[in-house]
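Following: one structure in C-alpha cells, then a few remarks.
The values are calculated or read from the model by the stated rules, or taken from the named source; none is laboratory data. Bear in mind the structure is a predicted one, so any value in this text is a computation, not a measurement. So basically every Cβ, Gly included, is an ideal-geometry build from the backbone, and we count neighbours across all protein chains shown. Surface areas here come from the heavy atoms of the whole protein model, side chains and all, with no ligands, DNA or RNA. Shrake-Rupley method; radii C 1.70, N 1.55, O 1.52, S 1.80 Å.
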Amino acid sequence: MSDFTSNFWSVYVAGITLAGIFGCLLLLWFSGKTKAMTDSDNTTGHVWDGDLREMNNPLPRWWVGLFIITCVFSLAYLFLYPGLGSYQGSLNWSQTDQFDREVTRGNEQAAPIYAAFAGKSAAELVKDPQAMAIGDRLFMNNCAQCHGSDARGSTGFPNLTDGDWLWGGKPDQIHESITKGRTGVMTPMAAAVGSGDDVRNLANYVLSLSGGPHDSVRANLGKPKFAVCAACHGADGKGNQLLGAPNLTDNIWVHGAGVESHIVNMINNGKTGVMPAWESKFTPEQLNVLTAYVWGKGGGVADASAATKAPAAAADAASVVVEGGVVKFFFATGKADLAPAADKALAEIVAGVKAGKKAVISGFVDSTGNAEQNAELAKQRALAVREQLKALGVTEDQVELKKPGNIDAGASAEARRVEVSLG
Ligand code: HEC
Ligand code: HEC
C-alpha cells in the first residue's frame, strides 16, 4: 500500500532519488576525466601559509571502485525492493508480509508444544513444568510490568498470588479476567455520603471492618452511611466479584494502605481500575497456560464445578442416583437407555406405590440441540422409566407422567435426567 495520496509525489521522490544516484556517477566520471587547473608540479596552484599546497591527484582507484559498486548496488536494490516512491519492487516484498511469515513460522513451530496442552484443565497444566515455564515467560513479557515479576502487584495493580480476588480466583474467572480484560469502576461517592465529616466517619467505619487503625466513635457514627456502599461492596463489606468491588474486611488494599486519608480519598474521588484484554494477542492455548500459571501462583481457588463436572463428562453414560426420596435417572447424550441396576433404585418407589401412592415421572433434557427433538427425547426417557416400573409390577394408573416446568436446564449431564418421585 502506498503512503502517497497522489502519484505526483511518488514520481517526484523517485526522480530525486534516481537523479541523485546518476548525478553521483556523472560527477565521478566527470572528475576522473578532466584535470582542471594543474600546474606543472601537479598542484592546483592553491597555497596556504606559504608552504601548504593542494595536490591535484586523481581519486584513488579503490575508492572510485567502491563508489561505483555502491551506486550499482543501490540501483539493483531499488529495482528489487520498495524504495522508489510507491514502486513496490520486483520482488513485491513488504515488512508486514515478512513479519506475518515469521509469526506463522513461529506459531507452526510452537503448535505441537501447545497441542499437548489442549483440553487440559488449569489443575493439570499447573503440574506440567513445560506449561509453567511457558506461562512464566508469557507473564514476564506481558504482565510483569503491571503485576510485578513475582505477580504480587503494587498500588493499583492487584496481587495475583494471594487468595483475595477482585473478580474471582477460579480458573474460569481468571481466564475471563485475562481474555476479556476487566474494568472496575467505583464512582465518586462524596455527594451520596454527605459532609466531609460524614465521609471521615464512614472511612473509620470501613477501617473498622478489617480491624485497621480507626476512631471507634467516628466508626459508629459512620456505620449507617455504609448503606450507599453496600450496593457494590455488599452489606457486610465483603465485596462483589461480579463488579470487581474489593472485599473491605480483609485488610488487603489494592489502592494503597488502609488509612483514613486514603479511604476518604477513595470515597471522594472514586477509582477506575483497568485490566487490558488479551484475547487478540494470544492463542486460546496461551490464554489457558497463562490462566493456569496465575491460578497456580498460590491464590487460585479450586473449581468446585470442575470436580462434579469432570467425572460426568468423562463418562457420558447412564447412571442412577437416589436423592431425598427422588430417584434420578441420568442418560447419555441423545439416548433414552436406562442405566443397568436401575431396578434397585426403583425399589423404594415401587414400595411407595404398593402403599397407595402415585409415581410421578418427569423427563428433563439438556439445552443442546433442537427443542422439538429434545421434548420428544424427554418423553422417550420418561416412557422408558415407566416401562421399567411396569416390569416391577406397577400398573399404568399408578404412574403419572408429568412435564417438568423447565425443560431447558443447561447443557450438562445433570440436565439429561428423569426424576421419579412419589406424589
Ligand atoms: C458502583 C460500585 C461501588 C460503590 C457504590 C462503591 N464502591 Fe468502593 N469500589 C468499587 C470498585 C469497583 C472498587 C475497585 C476499583 C478498582 O478496580 O480500581 C472499589 C474500591 C474501593 C476501595 C479501595 C479498596 C482497596 O482495596 O484499595 C475502598 C476503600 C472503597 N471502594 C470504599 C467504598 C466506600 C466507603 C463506598 C461507599 C461510600 C464505596 N466504596 C462505594 C465499587 C464501588
Ligand atoms: C496495564 C497494566 C496491566 C497489565 C499489562 C496486565 N494487567 Fe492484569 N490487571 C491490571 C489491573 C489494573 C487489574 C485490576 C482491575 C480492576 O481494578 O478491577 C488487573 C486484574 C487482573 C486479574 C484479576 C485479579 C483479581 O483480583 O480478580 C488477573 C487474573 C490479571 N489481571 C492477570 C493478568 C495477566 C495474566 C496479565 C498478562 C497477560 C495481565 N494481568 C496484564 C492491570 C494490568
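List of remarks:
Condition check ((1) loosely packed, with under 11 Cβ neighbours inside 10 Å; (2) among the small types (Gly, Ala, Ser)) across all residues:
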{"position": "14", "(1), (2)": "no, yes"}
{"position": "28", "(1), (2)": "no, no"}
{"position": "33", "(1), (2)": "yes, no"}
{"position": "93", "(1), (2)": "no, no"}
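Here is a yes/no grid of residues against (1) within 12 Å of ligand 1 (Cβ to nearest atom); (2) hydroxyl-bearing (Ser, Thr, Tyr); (3) more than 24 Å from residue 270 (Cα to Cα); (4) surrounded by 13 or more Cβ atoms within 10 Å (Cβ to Cβ):
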site: 140; (1), (2), (3), (4): no, no, yes, no
site: 143; (1), (2), (3), (4): no, no, yes, yes
site: 155; (1), (2), (3), (4): yes, yes, no, no
site: 198; (1), (2), (3), (4): yes, no, no, yes
site: 202; (1), (2), (3), (4): yes, no, no, yes
site: 218; (1), (2), (3), (4): no, no, no, yes
site: 227; (1), (2), (3), (4): yes, no, no, no
site: 236; (1), (2), (3), (4): no, no, no, no
site: 248; (1), (2), (3), (4): yes, no, no, yes
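- Index of the failed condition, residue 269 passing every other in (1) open to solvent by 70 Å² or more (accessible area, probe 1.4 Å); (2) more than 7 Å from ligand 1 (Cβ to nearest atom); (3) touching a Ser or Thr at 6+ places or on another chain (Cβ under 8 Å); (4) of a type outside the set (Lys, Arg): (3)
- Sole residue being aliphatic (A, V, I, L, M), under 30 Å from residue 21 (Cα atoms) and outside the structural domain of residue 14 (by TED's automatic domain parsing), chosen from 91, 125, 138: 91
- Only helices (runs of 4 or more DSSP H) whose full extent lies in region 219-299 are considered here, and the ones with at least 2 residues that are among the β-branched types (Val, Ile, Thr), within 11 Å of ligand 2 (Cβ to nearest atom) and touching a helix residue (DSSP H, G or I) at 6+ places or on another chain (Cβ under 7 Å) are 284-295.
- Within region 272-285, residues that are open to solvent by less than 70 Å² (accessible area, probe 1.4 Å) and at pLDDT 95 or above reach partners that are within 16 Å of ligand 1 (Cβ to nearest atom) and outside any helix (DSSP H, G or I) with beta carbons closer than 6 Å, at six or more positions or on different chains, in the pairs 275/181; 275/182; 276/181; 277/181.
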